[in-house]
1. What does the convex hull of the Cα atoms of chain A come to per residue, in Å³, rounded to a whole number?
2. For chain C, what mean projected area does the convex hull of the alpha carbons give, in nm²?
3. Which percent, nearest 5, of DSSP beta bridges in the protein assembly as shown are antiparallel?
4. Between 0 and 90 degrees, rounded to the nearest ten: what's the tilt of helix C:297-312 against the longest Cα principal axis of chain C?
5. For chain A, with only Lys/Arg (+1) and Asp/Glu (-1) charged at the beta-carbon, what is the dipole magnitude about the Cα centre, in debye rounded to 20?
6. Can you give me the Rg/Rh ratio for the stretch A:272-424, using Cα atoms for both radii and the Kirkwood formula for Rh?
7. Using a 10 Å cut-off on Cβ to Cβ distances, tally the other chain neighbours for every residue of A:332-344 and report the average as a whole number.
8. Rounded to the nearest 10 degrees, what's the angle between the helix C:90-99 long axis and the longest principal axis of chain C, both from Cα atoms, 0 to 90?
Amino acid sequence: MIGLMIAGVPLAWITMSLAIGCTLAWLGPAGLPLVASRVYGFVNEYVFVAIPLFVLMACILERSGVARDLYDAMRLFAGNLPGGVAVQTTLVAVVMAAMTGIIGGEIVLLGLIALPQMMRLGYDRKLAIGIICAGGSLGTMIPPSVVLIVYGLTAGVSISELFLASALPGLLLAAFYIAYVMIRCILNPALAPRPPRAELDIPFRQKMKLLKGLILPILVVIWVLGSIYGGIASVTESAGVGALGAIIAAAARGELSFRMLRESAMRTMITVGVIIWLTLGANAFIGIYNIMGGTTYLRQTIGDLPLPPFGILLVMMGILLVLGFVMDWIGICLLTMPIFVPVIKALGYDPVWFGVLFCMNMQVSYLTPPFGPAAFYLKSVAPPEIELHTIFSSLLPFILLQVAALMLVMLFPGIATLLPSLMR
Amino acid sequence: MRWIERLNDLLGGVVAWFYMLSVPVIAYEVLMRYILNSPTSWSFDLTILLCAVGYLLSGGTVTKAEAHIAVTSLQDVVPPRVKRVMKLFGHLVGIFAMAGLIAASWKSGLRAVTIGERTGGAWDAPTPAIIKPLITVAAVLVLLQLLILVARELTGRGAVAPAGKGTPGEGGPI
Amino acid sequence: ETWRVQTSMTAGESFYTDIEKYWLPRLAEMTDGKLTIELTPVGSVVPYNETMDAIGQGILQGDITATTYFTGRNKAFSILGDLIAGYDRPEQISMFCYHGGGRELLQEAYDKFTDGTVQVIGCSPIAREAFVAKVPIRSVEDFKGKKVRAPEGLASEVFKRAGASVVVLPAAETFSGIDKGVVDAADFSTYTMNDSLGFNKIAQHPVYPGIHSMPLIHFTVNKAAYDALSDSHKTILDVWYRAMIDDLRMRNDINDRQLVARDLAAGIDVVDWPQAERDKFRAIAVEAWRDYAQGDPLAEKAYAAQVKFMKGIGLLQE
Ligand code: NA
Ligand code: NA
């Protein structure tokens with residue numbers, strides 16, 4: 001797989017060929033319908049509808065001047081804060097994480113809006129890429145989160161407790177990212193050029209004019225969050241509500257035109273096509289992997305480990321990390337949870353806490369090569385000169401931060417269990 | 001050869017609007033449910049159908065634009081001849097994948113059409129009878145497009161869009 | 001021989017763990033280890049509503065799943081699999097399956113859609129579901145204007161006729177939907193399952209015993225694999241499945257009752273409909289079943305068999 005990747009074979013073809021090849025080897029031609037069956041199941045998944053809708057929202061916001069004005073205002077706001085705009089982007093990522101339950105849409109949105117703006121403002125490219133991929137992945141760490149819902153349904157644990165439990169660890173991750181950016185930028189101010197004094201000292205009236213750039217984006221965010229938390233729209237529907245909000249915002253600026261809508265639609269179609277075709281094969285692979293006895297193998301590995309409970313937990317986390325290199329989270333969940341959950345319960349660990357650990361582990365899996373969905377999502381909208389290997393190498397420090405946060409929550413379960421225990 | 005590319009562009013251009021169309025569909029449902037307490041039975045299924053058709057039929061356009069994600073750093077440093085061989089190899093892997101997907105999907109597509117398979121939901125839309133055969137159709141379109149790319153690589157006429165660098169949607173249809 | 005059997009259950013739910021813990025070892029013991037089953041959770045190999053074809057093609061050797069999931073292929077699967085508001089107790093549905101022609105009809109439906117490549121071993125409901133409700137729903141009248149989440153199948157038609165506004169939501173969105181108030185009530189799962197997911201905390205008027213759903217869970221296997229079995233193994237499979245479902249049902253019933261007792265003591269408003277209201281709801285439902293089945297020979301046949309059986313045991317008036 002890695003050989004094919006380096007040879008420059010498109011990932012969509014690698015993953016699909018792998019699924020087809022394994023099916024042929026294991027079941028013969030008669031087993032091929034398995035692949036079609038999974039492809040069908042995947043394109044029929046309602047929660048994924050949020051991806052095109054989020055991409056559409058992003059394309060419209062980007063094509064109207066909303067994004068540019070937002071970042072001009074943010075730069076002014078950031079003032080002399082080291083890495084100011086990157087820090088703000090992380091905060092934007094946290095707010096948007098509350099608007100989406102899946103990974104993908106948010107990274108594409110930040111990739112379309114934040115990346116060009118941060119590069120325009122002279123920010124270090126690798127820092128910008130890292131913060132967008134890592135921050136954008138928080139979509140499944142901060143509620144609502146389909147990962148936590150699927151874990152909850154799988155493990156049979158309370159979804160509201162999972163949502164409460166993941167909130168602090170999610171913010172912890174965000175705090176780690178912010179601290180990292182600020183430390184890097186203090187050590188090397190060239191990574192994040194601060195606006196010149198003259199620009200910060202502009203007259204009050206002009207400042208207010210720039211700040212107006214914040215109004216529309218904030219209104220769109222309130223519009224989406226309001227639709228979710230007001231019980232007006234389901235989480236997936238709220239992505240559509242957001243796209244509508246973006247269209248209204250563009251209209252309010254007098255920038256709405258047929259041409260602009262058509263360009264947004266075309267860009268959405270290509271971006272989503274790239275993402276979906278890449279994921280089709282990866283998803284099909286899960287089915288054949290389960291048939292090949294992946295679960296049995298795992299059961300035997302875990303089954304007779306002469307280790308204390310915490311050691312078993314560490315082994316599980318290690319397995320999740322390793323699987324995260326090559327599989328997507330649905331596959332990992334299907335493969336491991338039937339074995340892990342009963343063991344966790346038998347060891348007397350809190351399955352809610354374990355769910356948070358699982359979810360944090362999946363944050364890592366989004367960033368790790370060779371199968372790193374966050375990198376793919378960003379690549380699908382990044383300028384062509386940003387290569388996949390540049391993205392992956394930008395992500396390394398953030399992966400380390402994620403693993404550090406994961407260890408913290410393992411050692412101090414209270415970070416996760418505090419909020420749910422207060423609500424019980 | 002030309003008509004396949006035109007067809008792929010046409011389909012891509014049409015399904016691009018399907019995502020846009022989902023917005024009013026969802027907005028209508030939210031409005032009817034929240035304000036008038038009379039949710040539709042069709043918004044859910046229609047949204048899925050629009051998006052699923054969009055995913056599948058955009059495959060040809062994405063392939064034509066050579067927009068699929070790949071690690072191209074090695075290709076960029078090798079001599080042009082080697083690069084051409086590597087690109088050809090990539091297309092061949094794609095052809096294998098699509099041939100496999102066609103073999104995998106045509107029977108279930110045919111069956112879904114003959115039994116008139118539906119969702120079984122409140123609207124009971126014929127989504128499976130549309131989507132299942134479309135998997136085969138999409139794979140055929142991508143396969144044909146890949147054959148065109150192979151032919152172009154062999155005759156040395158190069159791709160229309162630079163590999164992986166299409167900035168689709170910029171100025172006119174792609 | 002080891003069969004790979006997918007289920008419609010998730011790995012953490014008690015049904016799944018109980019099968020793994022108590023019933024898979026028993027099958028191995030009964031067959032001297034010659035026939036064993038490896039269970040995989042919902043969606044692990046193919047999507048939950050695609051198992052029918054996968055078994056016929058030999059990708060899976062079997063499936064333990066809800067009959068109603070195949071409604072998209074034919075409405076008969078819904079009429080046979082989850083006759084909304086139909087029966088009072090799960091045992092009555094087992095009777096219909098094994099002694100009222102249910103299993104034969106299911107086989108007929110399977111034969112039609114898999115060209116005879118799938119064998120039905122058994123069918124029996126596993127539990128009576130509890131209705132998730134954020135607002136009190138104590139009678140048919142209370143359904144008026146309420147937004148109710150319904151899955152595929154007959155349910156939406158029946159709720160609609162009772163005056164509810166039916167909202168289509170996938171399982172993954174149902175929890176947030178109830179929590180935030182997108183819907184007022186939901187057809188979801190058993191009291192035990194709803195409780196473990198936290199539904200009863202955010203929707204404190206659960207209706208138990210449920211008024212709506214008692215899904216039939218059937219066991220199907222690849223016909224060629226089945227035909228290759230010895231007669232004794234065929235009998236073992238039949239008896240094993242009957243005993244297993246009865247046992248799972250008992251275990252779940254005890255769990256449900258214990259949780260309900262706990263919640264009632266804690267002041268949660270567990271709603272139990274009076275028989276008169278249940279009868280009223282059934283009267284509405286019967287018409288929905290009939291209209292739903294109309295126009296499809298197989299569904300009409302299933303409807304006729306259900307009604308005949310229910311009249312026979314006094315659930316419906318002549
Ligand atoms: Na989220
Ligand atoms: Na990864």
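The numbers here are math on the coordinates, done by the rules we state, and not lab data. In this text, all values refer to a predicted model and were calculated from it rather than measured experimentally. A quick note on method: Cβ atoms are made from the backbone with ideal geometry, for glycine too, and the neighbour counts reach across all protein chains shown.
1. Roughly 155 Å³ of hull volume per residue.
2. Its Cα hull, projected and averaged over all orientations, spans 15.2 nm².
3. 55
4. 70
5. So the magnitude is around 820 debye.
6. 1.01
7. That works out to 3 on average.
8. In chain C, helix C:90-99 runs at an angle near 40 degrees to the longest axis.
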